[in-house]
1. Does the stretch 75-96 hold any residues that are surrounded by fewer than 17 Cβ atoms within 10 Å (Cβ to Cβ) and touching a residue at least 24 places away in the same chain (Cβ under 8 Å), and which are they?
2. Just checking, how many residues over the stretch 34-66 are open to solvent by 80 Å² or more (accessible area, probe 1.4 Å) and out of contact with any strand residue (DSSP E or B) (no Cβ under 6 Å at 6 or more places or on another chain)?
3. Taking the options Leu181, Leu172, name whichever one is over 22 Å from the mean Cα position of the chain (by Cα), at pLDDT 95 or above and open to solvent by 20 Å² or more (accessible area, probe 1.4 Å).
4. Suppose the filter is surrounded by fewer than 19 Cβ atoms within 10 Å (Cβ to Cβ), touching a residue at least 24 places away in the same chain (Cβ under 8 Å) and over 15 Å from Val118 (Cα atoms); does Leu210 pass it?
5. So in the stretch 35-61, with the set limited to residues that are without any contact (Cβ under 8 Å) to a residue 24 or more places away in the chain and assigned to a loop (DSSP other than H, G, I, E, B), which one is nearest to the chain's Cα centre (by Cα)?
6. Please work out which one of (1) closer than 30 Å to His170 by Cα; (2) touching a helix residue (DSSP H, G or I) at 6+ places or on another chain (Cβ under 7 Å) is the condition Asn97 fails and give its number.
7. Of everything in the stretch 97-137, what is of a type in the set (D, E, K, R) and open to solvent by less than 50 Å² (accessible area, probe 1.4 Å)? Give them in sequence order.
8. Please go through the stretch 201-231 and give me each residue that is aliphatic (A, V, I, L, M) and not in a loop (DSSP other than H, G, I, E, B), ordered by number.
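The values are calculated or read from the model by the stated rules, or taken from the named source; none is laboratory data. Computed from a predicted model, the values in this text were never measured in an experiment. We place every Cβ from the backbone using ideal geometry, glycine too, and count neighbours over all the protein chains shown. Note: areas computed on protein heavy atoms with side chains; ligands, DNA, RNA excluded. Shrake-Rupley method; radii C 1.70, N 1.55, O 1.52, S 1.80 Å.
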Amino acid sequence: NQIFDLTSSVVTGTGEVDQYDLSDWGDTPKLFVGGTETFTAQALADVLEQVTDMDFSFIFCDKFGTNAQHNNNFTIVTYANDTHKFKPECYIAAGSNKSQFAFSKTTADFYDNENTSVVHGGAKINGQTSSGYRQYGSYYKAAAILGREAGRPPQVPITLKNIAINAEVHPLSEKEVKQALKAGLLVTWFDGGLFVIVKGVNCLQKNNNLLNEEGTTHSKQLRRISRQLNKEIIVNSKSQLLEQEDGPNRSTLSEADVKTWLFGFLK
């Protein structure tokens with residue numbers, strides 16, 4: 001009811017869906033009209049402009065695999081870093097198999113920031129196939145890791161948390177795991193009977209230290225904590241400092257007042 005306008009709606013019978021529905025419908029179904037399958041760069045920009053003040057924590061980018069460095073993804077990542085009020089984290093699914101491992105590493109280097117996570121590796125799920133598995137690309141694993149992270153409080157790391165997959169498209173060797181972590185890739189491997197996230201890292205390339213001098217970090221856990229604090233500061237400072245009936249406005253509020261409030265709030 002928010003997206004489509006129904007010109008007419010007639011239901012005969014009980015409304016139960018059965019095997020005759022398709023044949024009863026006939027050979028000329030009415031298709032939706034007025035839309036397109038392609039979207040312009042301006043259309044993406046228009047959407048991003050509309051959600052700048054919306055409160056959300058993650059963006060799942062839909063250009064994945066060998067399209068992981070697509071300009072649409074780059075536009076969204078730039079927007080999340082530079083424009084959105086709460087700096088949401090972008091998830092990008094890169095390569096799925098061993099031959100695409102190098103591409104995944106270059107993708108992490110391509111984005112190189114603490115608000116973006118790049119996932120490598122496809123997933124196999126138990127299914128009725130000749131191999132016993134249904135195989136999915138890196139987007140499946142990225143969605144599973146994102147759900148795992150979003151389901152935990154910011155201070156809880158996703159390191160060694162398991163995800164619900166049954167096998168790896170690209171089982172990593174220990175050498176490859178070290179390469180992945182150095183490159184800033186989110187990867188999983190089989191450990192203790194479960195497929196677990198090796199370490200919760202974003203794609204920031206300056207990752208030798210847990211916390212860099214300028215305040216950046218490759219730790220998803222620390223970045224989520226700082227992102228949450230920043231969000232609470234933005235929301236509460238506005239309501240507690242500027243929206244009081246007899247309080248100050250933007251012109252009369254002093255730096256000292258802001259500093260005093262901030263120290264008290266963080267304390």
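1. Thr75, Asn81, Thr83, Lys85
2. Number of matching residues: 15.
3. Selected residue: Leu172, the only one of Leu181, Leu172 that is over 22 Å from the mean Cα position of the chain (by Cα), at pLDDT 95 or above and open to solvent by 20 Å² or more (accessible area, probe 1.4 Å).
4. When the stated conditions are applied, Leu210 does not pass them.
5. Going through the qualifying residues, I end up with Met54.
6. Status for Asn97: all satisfied but (2).
7. Glu114
8. Val201, Leu222, Ile225, Leu229
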